[in-house]
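> Sharing a structure here in structure tokens format.
The values are calculated or read from the model by the stated rules, or taken from the named source; none is laboratory data. Predicted model only: the values in this text are computed from it and were never measured. A quick note on method: Cβ atoms are made from the backbone with ideal geometry, for glycine too, and the neighbour counts reach across all protein chains shown. Ligands, DNA and RNA are stripped out before the accessible areas are found, and what is left, the full protein with its side chains, is counted by its heavy atoms. Shrake-Rupley method; radii C 1.70, N 1.55, O 1.52, S 1.80 Å.
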Amino acid sequence: MSGETESEKAKAYNRAKRVLFLIELGVGFLYLVVLLFSGVSVVITQKLETATYNVWFVILLYLLIIGVAYDLVAFPIDLYGGFVLEHKFGQSTQSLRAWAWDRLKSAGIGFAIGASLAEGLYWFLRRYPTNWWLIAAAMFIAVAVIMANLAPVVLMPLFYKFTPLRNEELKKRLLALFEKANTKVRGVYEMDMSRKTHAANAALVGLGNTRRIVLADTVLERYEPDEIEAILAHELGHHENWDIWKGILFQSVLSTVSFYLAHVILGTYSFSFGMRGPSDIAAFPLLMVTIAAVSLFFLPAVNGFTRRLERRADAFALTLTRNPEAFVSMISKLGRQNLAEFEPNPILEFLLFSHPSIGKRMQRARELFPEDFRGTEKVEKEG
Ligand SMILES: [Zn+2]
């Protein structure tokens, strides 16, 4: 395949993904608006309240009904984006059955976590009508910390199998790298991503005693040891820079803003359309629209923030390994493998990219170590 058709394929893939993102956003927004304005939300609540007096149970059933209905409405988008498109572009290695099972599992887990949080939130709304938003924000922060800790040991194993890195040769090299960085992180796990996709990934996950680096087997199969070292060094950069904590802090500020705005909006509009006030579950779509609108509004800021962390992790990796050529070949391989656009539209990059574009990351490495990229006239460096 020539370079040009390859980049055209990546372009088409990413364009399709963005269109789907917009459709999903539109459908979700429309769904909530229809629930609210048509009076369906109030009718569901009233029917449930005639069936049971238990407010916790009413909330649970309400969420189950509108959650399942939404999943049905959004199913075609989900199927197309998660399965059809991935196969069309040769990325997915999953059967329809395996994909459906994954989706069902994540919907179940999502519902269990989401419904528990909502029950807590509505309890605060009933009990502390003026300060609920502050208490809810504190609860979300606590939950975010607990989830970050539990994710690698409880949630992620439901979707992937993790085994400590087996390649002894590589392990030795990586331990030397960790020694050099003077870090406490020692756990490197491989993840059987190839069962689902040809794409590759690596990440720093966990908090405290669950902190570890995970590496897809799709990386281990295709990359040179030098390149794997560059990936690990980047993830170590995230660890050394406290990036998981910074992310949690940033999200905490956002959720506090969201809940405060929800407080204002529920206080103003939750007596319309036959609803009985902020703590009425019938006003749930109003709460969701507010939270979603805040998230969307701050999306470019969140992406700008994570791009900054990624740039720093890259710089950390380059300084630690002092092997910019391996870094550049790794990043370009990763970009091609994941069908990334190397030179995306700058506006789209600003709005939607959580990482700097592949082209920018390669360019940065070359700028940091220009002497390594003079081709044949390579200058030897002293330690
Ligand atoms: Zn990163």
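> I need to check one value: relative contact order of the chain, counting alpha carbon pairs closer than 8 Å and at least 6 residues apart, in percent.
19 percent
> Using a Förster distance of 30 Å, how high is the FRET efficiency between residue 272 and residue 98, based on the Cβ-Cβ distance and rounded to 0.05?
For residue 272 and residue 98, the calculated efficiency is 0.10.
> If you plug each phi of the range 29-45 into the Karplus form 6.51 cos²θ - 1.76 cosθ + 1.60 with θ = phi - 60°, what whole-Hz ³J(HN,Hα) values come out, in order, with x for Gly and Pro?
Here the 3J(HN,Hα) series is 5, 4, 4, 5, 5, 5, 3, 6, 6, 7, x, 4, 4, 5, 4, 4, 4 Hz.
> On a 0 to 90 degree scale, rounded to 10, what angle separates helix 284-321 from the longest Cα axis of the chain?
Taking Cα atoms only, the helix is inclined about 10 degrees.
> Under 21 Å from the Cα of residue 105, which lysines turn up, not counting those fewer than eight places away in the same chain?
Answer for residue 105, where 21 Å is the Cα cut-off: 161, 196, listed by chain and number.
> Let me ask something else. Which chymotrypsin sites (Phe, Trp or Tyr not before Pro) in the range 1-85 pass both tests, a DSSP loop state and at most 10 other beta-carbon atoms within 10 Å? Could the numbers behind the result be given before it?
Working: sites: 13, 21, 29, 31, 37, 53, 56, 57, 62, 70, 80, 83; in loops: 53.
Passing sites in the range 1-85 are 53.
> Ok, one more. Based on the alpha-carbon gyration tensor of the range 115-184 and its eigenvalue square roots a ≥ b ≥ c, which shape applies: rounded if a/c is under 1.5, prolate if not and a/b is larger than b/c, or oblate?
Verdict is oblate for the range 115-184.
> Select from 90, 264, 239 the residue farthest towards the positive end of the dipole of the chain; place +1 on Cβ of Lys and Arg, -1 on Cβ of Asp and Glu, and compute about the Cα centre.
Projecting each Cα onto the dipole axis, the largest value belongs to 264.
> Considering only DSSP beta bridges whose two residues both sit in the chain, what percent are antiparallel, to the nearest 5?
On the way: 8 of 12 bridges.
Here the antiparallel bridges make up roughly 65 percent for the chain.
> Check residue 207: other-chain or 5+ apart residues with amide H under 5 Å from its amide H, H built from backbone geometry?
Residues meeting the amide H criterion: 149.
> Moving on to the next point. What FRET efficiency do you get for residue 261 and residue 371 if R0 is 41 Å and r is their Cβ-Cβ distance, rounded to the nearest 0.05?
The pair residue 261/residue 371 has a calculated efficiency of 0.20.
> I've got another one for you. For the full complex of protein chains and a 1.4 angstrom probe, list 93, 183, 50 by accessible area with the highest value first.
50, 93, 183
> Next question, about the same structure. Could you give the size of the charge dipole of the range 1-97 about its Cα centre, using +1 on the Cβ of each K and R and -1 on the Cβ of each D and E, expressed in debye and rounded to the nearest 20?
Once rounded to the nearest 20, the dipole reads 80 debye.
> Could you tell me what percent of the accessible area of the range 35-149 is made up of carbon and sulfur, with a 1.4 Å probe and every protein chain present?
Numbers: 4600 of 6290 Å².
Using a 1.4 Å probe with all protein chains present, the range 35-149 comes out at 73 percent carbon and sulfur.
> Follow-up question, since we're still on this one. Each label point is 7 Å from the Cα along the Cα-to-Cβ direction; what then is the distance between the points at residue 138 and residue 116, in nm?
2.0 nm
> Which is the longest part of the chain that has none of the trypsin sites (Lys or Arg not before Pro) sitting in a DSSP loop with at most 10 other Cβ atoms within 10 Å?
Value returned for the longest uninterrupted segment is 185-373.
> Once you order the gyration tensor axes a ≥ b ≥ c over the Cα atoms, which shape class does the range 138-216 get: rounded for a/c under 1.5, otherwise prolate or oblate by comparing a/b with b/c?
It comes out oblate by the Cα gyration axes.
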